[in-house]
Amino acid sequence: MLPFHLAANYLLYCLRAFKLHGVHSPFVFELYQNVILHEGDYYAYPLIEKMRSSLLLEDRAIPVTDFGAGPKAGLKKNRKISYIARTSAKPAKYAQLLFRLVAHFQPRTIFDLGTSLGITSSYLAMANKQARVYTFEGCPSIAAEAKENFEKLGIPHVQQVIGNLDDTLSKQLQKVEQLDFVFFDGNHRYEPTMRYFEACLSKHHEHSVFVIDDLYWSAEMKRAWQEIRQHPQVCQTVDLFYIGLVFFRKTQPKERFTLLY
Ligand SMILES: C[S@@+](CC[C@H](N)C(=O)[O-])C[C@H]1O[C@@H](n2cnc3c(N)ncnc32)[C@H](O)[C@@H]1O
């Protein structure tokens, strides 16, 4: 069951959200109809979902350093792979939307902030084998599991960046010319989310796509999302409740959309 604050925000989202006929921007209409609402299957879906299913059954425990938000941050303890897969990985509906966004926009340089076991990184990488996908994870033992998963799926163009995002993000940003696509799923608190967002802005361009995860997970994330929507460099946003899309297209009208997904 959804926690009360999430359920209340979901109700407000449903009341605000448009369906297809309410979208007047041609760019967003096309994106909504052909990419967001696309229901077909892609070859990568069953391969990655098969991997997820086996992770959900994996009884082995590994030592995990907690880098995320909440009272457990900084703690190290053994966790079962099945538990990590169940609690961290984005559900197929949203991970597959990331795949379609990458297949559609064909970004060449992709940052995935928060690898965990590598489910979203795998979707991002399999959607464009020409891309360089950099995936960031703080916990070395989780990163080692993700490495095995990338090998099993045969996706050598994923490069792992291991360490605290507070240190690794700016160093990796210096090494890339521009950022075409970023998935922010690393540290669900206001301050780090805004800091990572601002850092990534230094390498964005007119056609970059940023995707923010868990917009209404907490009051801090809601505040971060509201600020991102109003950011002077942001031109269009699409609120899909669990994730938000951010665009920088100065040639299109500046608009905020809430769409039912
Ligand atoms: C929600 S999980 C990512 C799930 C992944 N995107 C997926 O859906 O498959 C977030 C991950 O980010 C890592 N993380 C959180 N804060 C971090 C930080 N400051 N530096 C590096 N990694 C961090 C956590 O260890 C965790 O594995």
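The values are calculated or read from the model by the stated rules, or taken from the named source; none is laboratory data. Treat the numbers as computed from the prediction; the structure is a model and nothing was measured. Don't worry about glycine lacking a Cβ; one is built from the backbone with ideal geometry, like all the others, and counts go over all protein chains shown.
Of note:
- Some residue of the range 146-165 being crowded, with 20+ Cβ neighbours inside 10 Å, in contact with a helix residue (DSSP H, G or I) (Cβ under 6 Å, 6 or more places away or on another chain) and small (Gly, Ala, Ser): no
- With respect to the conditions (1) closer than 26 Å to Gly244 by Cβ; (2) modelled with pLDDT of 95 or more, Ala73 lacks only one, and its number is (2).
- Residue tally, condition in contact with a strand residue (DSSP E or B) (Cβ under 8 Å, 6 or more places away or on another chain), of a type in the set (Lys, Arg) and not in a strand (DSSP E or B), over the range 243-259: 2
- Of the residues screened, Ser116 is not one that is within 15 Å of the chain's Cα centre (by Cα), assigned to a helix (DSSP H, G or I) and not hydrophobic (A, V, I, L, M, F, W, C).
- Residues in the range 168-177 include at least one that is within 12 Å of the ligand (Cβ to nearest atom), in contact (Cβ under 8 Å) with a residue 60 or more places away in the chain and assigned to a helix (DSSP H, G or I).
- Scope the range 192-242; condition assigned to a helix (DSSP H, G or I) and among the small types (Gly, Ala, Ser); matching residues: Ala199, Ala219, Ala224
- Only listed residue being near the ligand (Cβ under 10 Å from one of its atoms), in contact with a Gly (Cβ under 6 Å, 6 or more places away or on another chain) and touching a residue at least 60 places away in the same chain (Cβ under 8 Å), chosen from Leu113, Leu98, Leu117: Leu113
- Scan of the range 119-159 for residues that are among the polar types (S, T, N, Q) and part of a strand (DSSP E or B), ordered by number: Thr135, Gln159
- The residue pairs whose first member lies in the range 32-50 and is within 20 Å of Thr258 (Cα to Cα), whose second member is surrounded by fewer than 16 Cβ atoms within 10 Å (Cβ to Cβ) and at pLDDT below 95, and whose beta carbons are closer than 8 Å, counting only pairs six or more residues apart or on different chains, are Tyr32/Leu20; Gln33/Leu20; Leu37/Leu20.
- All conditions in (1) among the charged types (D, E, K, R); (2) modelled with pLDDT of 90 or more; (3) surrounded by 12 or more Cβ atoms within 10 Å (Cβ to Cβ) hold for Asp66, with the sole exception of (2).
Matching residues to (1) exposed (fewer than 15 other Cβ atoms within 10 Å of the Cβ); (2) not in a helix (DSSP H, G or I):
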{"residue": "Leu11", "(1), (2)": "yes, no"}
{"residue": "Leu15", "(1), (2)": "yes, no"}
{"residue": "Glu30", "(1), (2)": "yes, no"}
{"residue": "Pro46", "(1), (2)": "yes, no"}
{"residue": "Lys90", "(1), (2)": "no, yes"}
{"residue": "Leu97", "(1), (2)": "no, no"}
{"residue": "Arg100", "(1), (2)": "no, no"}
{"residue": "Ala103", "(1), (2)": "no, no"}
{"residue": "Pro107", "(1), (2)": "no, yes"}
